[in-house]
Amino acid sequence: MTGPSKVYFDDFHAPAGTSLPDKLRRLMTKAGIGDIDFTHKFAAIKMHFGEPGNLSFLRPNYAKVVADVVKELGGTPFLTDCNTLYPGRRKNALEHLAAAAENGFSPLSTGCQIIIGDGLKGMDDMEVPVVGGEYVHTAKIGRAIMDADVFISLTHFKGHENTGFGGALKNIGMGCGSRRGKMEQHAAGKPTVRKRRCVGCHACTRQCAHDAISFGEDNRAMIDHDKCVGCGRCIAACNLDAIYNPNASANAELNCKMAEYAKAVVDGRPQFHVSLVMDISPYCDCHAENDVPILPDVGMFASFDPVALDQACADACLRQAPLPGSLLTQRMQEPDFVDHHDHFENTTPGAEWKSCLAHAEKIGLGSRTYELIQI
Ligand code: SF4
Ligand code: SF4
C-alpha cells in the first residue's frame, strides 16, 4: 500500500444538541463505512470488554453505535475478543462473558451478541497464513473472528507496558490471537529481576498465570524462563521497577509479530477501524485497575487503514502535554530520567512502538503516511 491513507477525526466536544454517540456515528459515516457491502454478512467488531476493576475500557454505548451502523447497512454484527494469557477474569469464555456483562455489555446495551473468538478454553483457533510474514508463518487466530465476513476494530487507544501504546494493531494482532497465538507473539520477551530492587512483596507472583515466579531464602523474586511465556504482566505489577526485559530486541520482535498477526486477521476481507483516544491510562485495560491518565482525552479517529490510524492517534498524543500526577510526570521527575521526547517511551522505556508501525507498513498492512480529515 502506498500514498497517504485517509484518517477521519473528531474531538470530544459535545455542546447541547449533540452527543458523543452521535459524533461517532457521523465520524464512521464520513469515513466511508457505508462503502462496505454488509448485506447478509457477519461483521466481527473486535474490542476489549475491560478487566473487572478497570474503568477506562470503552463504554458499551460506543459498541452500540458501531453495531447499529452495521445493522442499518444490512449486516449482522457481533462483539468479540479472545481469551487472555493472564490470570484474571477473562481467561476462558464463561468468565470472559461474565466479566463483559459485569462491565455493562449485553444485547440490550449494545444491540448485538458477544462471541468469544477462541472458544471456551482459548483453543478454538484457525491457522492463518501471514502473507509477507518474516516472523510468523501461520497466525493462530480465534476461529469465530476468522469466520466473520467483515472485520471491524473498535479500539480504546491508551498506554501499554510492553508496546508503549495499545492501539488498533494491538487490538487486532494480539487481541485476535488465541492463547497459543498470544504465546507465540510474546515468546521473545522473558523478563528478569533486578534483585537489589526487589523487596519481596510478592505482587508479581499474583499476576503470573504460569507459576514462573518463585522466591529464594532471601525473599527476592526469581523467574523460571522455562515456565515464563513472556506476557509481561509482572513488569507492570512491580511498583519498584525490579522486573525488566533484558532483551532489548524483544519488544521490537513482539511488535513485528503483532503487526503480522494483524495482517493475518484483516487480509482478504473488508475492514474498518475506529479508535477512541481517551482515558489514556499508562497500562492496558487487561489490568484490574486504571491509573491516572498520562495525557488528556484527544478525540475519535476512523479509517480503513489500521496503520495510518495508529500513526495518527500516536502523533496526536505526542502533541499533548503530560497530565500532572500521572505515571508519566512521575517518571519525568526521577533523577535518572532520560528524555526520549516521546510520551510512550518516557512512560515505558524500551517500548519500541515505532517498530510495529514500520513493520506493518513494510509487509503491506497499511501506510504510516496519512491525511487527517477533521470533520
Ligand atoms: S513485585 Fe517487584 S518488589 Fe515485589 S516481589 Fe515482585 S519483583 Fe520483588
Ligand atoms: S514471569 Fe512475568 S512475563 Fe513470565 S509468564 Fe509470569 S507474569 Fe508473564
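Of all residues in region 132-145, none satisfies being assigned to a helix (DSSP H, G or I), in contact with a Pro (Cβ under 9 Å, 6 or more places away or on another chain) and open to solvent by 30 Å² or more (accessible area, probe 1.4 Å).
Can you spot a residue in region 193-206 that is within 20 Å of the chain's Cα centre (by Cα) and either within 16 Å of ligand 1 (Cβ to nearest atom) or open to solvent by less than 40 Å² (accessible area, probe 1.4 Å) (or both)? Don't jump to the end; show me each part of the working.
The first filter runs over region 193-206 and keeps only residues within 20 Å of the chain's Cα centre (by Cα), leaving none.
Looking through region 193-206, none of the residues is within 20 Å of the chain's Cα centre (by Cα) and either within 16 Å of ligand 1 (Cβ to nearest atom) or open to solvent by less than 40 Å² (accessible area, probe 1.4 Å) (or both).
Take the conditions crowded, with 19+ Cβ neighbours inside 10 Å, modelled with pLDDT of 95 or more and out of contact with any strand residue (DSSP E or B) (no Cβ under 9 Å at 6 or more places or on another chain) and apply them to Lys64. Does it pass? Yes, satisfied. When the residues of region 207-248 are filtered to those that are surrounded by fewer than 18 Cβ atoms within 10 Å (Cβ to Cβ) and among the polar types (S, T, N, Q), the one that is nearest to ligand 2 (Cβ to nearest atom) is Ser214.
Evaluating Phe165 against the criteria (1) buried (at least 24 other Cβ atoms within 10 Å of the Cβ); (2) within 15 Å of ligand 2 (Cβ to nearest atom); (3) not small (Gly, Ala, Ser) leaves one unmet condition, (2).
Can you name the residue in region 269-290 that is in contact with a helix residue (DSSP H, G or I) (Cβ under 6 Å, 6 or more places away or on another chain) and not aliphatic (A, V, I, L, M) and, of all such residues, is most open to solvent (accessible area, probe 1.4 Å)? Before the answer, list the steps.
Within region 269-290, the subset in contact with a helix residue (DSSP H, G or I) (Cβ under 6 Å, 6 or more places away or on another chain) is 272-273, 275, 277, 282-283.
This time we only want the ones that are not aliphatic (A, V, I, L, M), so: 272-273, 275, 282-283.
Details: Phe272: 0, His273: 0, Ser275: 0, Pro282: 2, Tyr283: 49 Å².
Per the criteria, the residue is Tyr283.
Under the condition of being surrounded by 14 or more Cβ atoms within 10 Å (Cβ to Cβ) and of a type in the set (A, V, I, L, M), which residue from region 33-56 is farthest from Thr110 (Cα to Cα)? Talk me through it step by step, then tell me what you get.
Quick first cut of region 33-56, residues surrounded by 14 or more Cβ atoms within 10 Å (Cβ to Cβ) only: 33, 36, 38, 41-54, 56.
Narrowing the set further to residues that are of a type in the set (A, V, I, L, M) leaves 33, 36, 43-45, 47.
Working: Ile33: 19, Ile36: 21, Ala43: 14, Ala44: 13, Ile45: 11, Met47: 12 Å.
Here the answer is Ile36.
Candidates in region 249-268 are the residues that are assigned to a loop (DSSP other than H, G, I, E, B) and of a type outside the set (Ser, Thr, Tyr); of these, the one that is surrounded by the most Cβ atoms within 10 Å (Cβ to Cβ) is Asp267.
The values are calculated or read from the model by the stated rules, or taken from the named source; none is laboratory data. All figures in this text were calculated on a predicted structure; none of them were measured in a lab. Quick reminder, even Gly has a Cβ in these numbers, built from the backbone with ideal geometry, and neighbours come from all protein chains shown. Quick note on the areas: whole protein, heavy atoms, side chains included, nothing else; ligands and nucleic acids left out. Shrake-Rupley method; radii C 1.70, N 1.55, O 1.52, S 1.80 Å.
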